[in-house]
């Protein structure tokens, strides 16, 4: 960042002059940094057990640890074109009942990582994975924003207790135009 030097302050031997009119300008420099790193810890070994995410159940197993969280936590999983994990982004840690999530925060890191697609995961500390009305509205906003940016949303999961989870994409595809259950269900990310 380039700074504009200030004039030297007067010394006691110099007479004090009338201060020149200075305009203070505050600049904020934003430098996106994306480095490919190798994780050499138990997390790296844990992620290696999930070479590619194929279905909602894989994602639920990856985020099973969320059932023990006491606050709502929202993650974005960035994937390449082969559904391999590029990045796990912890977008928000909220309160007992809510986590604040904005599409701009979610997609800024997804763009930097070069993600082809994303999967969103958050927990309900109550243990009940049933999505709230706010969850459904957020899911729709994130899907719309992803479509605009060319980043496909493969799924949004709500993780509850005892391995239970709800896939919002499965909820969307399990109903046909009349609201009746669809004949055929698929759990694969295509």
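The values are calculated or read from the model by the stated rules, or taken from the named source; none is laboratory data. Predicted model only: the values in this text are computed from it and were never measured. FYI the Cβ positions are ideal-geometry reconstructions off the backbone, even for glycines, and counts take in every protein chain you see.
What to note about this one:
- Looking at the stretch 66-171, the strands (runs of 3 or more DSSP E) lying wholly inside it that each contain 3 or more residues that are touching a helix residue (DSSP H, G or I) at 6+ places or on another chain (Cβ under 8 Å) sit at 73-79, 85-93, 117-123, 152-159.
- Test: residue 128 is in contact (Cβ under 8 Å) with a residue 24 or more places away in the chain, closer than 22 Å to residue 57 by Cβ and crowded, with 16+ Cβ neighbours inside 10 Å: no
- Evaluation of residue 172 against (1) out of contact with any strand residue (DSSP E or B) (no Cβ under 9 Å at 6 or more places or on another chain); (2) closer than 18 Å to residue 56 by Cα; (3) touching a residue at least 12 places away in the same chain (Cβ under 8 Å) (one fails), failing number: (3)
- Any hit, the stretch 154-165, residues being touching a strand residue (DSSP E or B) at 6+ places or on another chain (Cβ under 8 Å) and surrounded by fewer than 18 Cβ atoms within 10 Å (Cβ to Cβ): no
- Set 120, 189: member being modelled with pLDDT under 90, in contact with a strand residue (DSSP E or B) (Cβ under 7 Å, 6 or more places away or on another chain) and closer than 28 Å to residue 81 by Cβ: 189
- Residue in the stretch 46-60 that is buried (at least 17 other Cβ atoms within 10 Å of the Cβ), at pLDDT 90 or above, within 11 Å of the chain's Cα centre (by Cα) and within 15 Å of residue 156 (Cβ to Cβ) present: no
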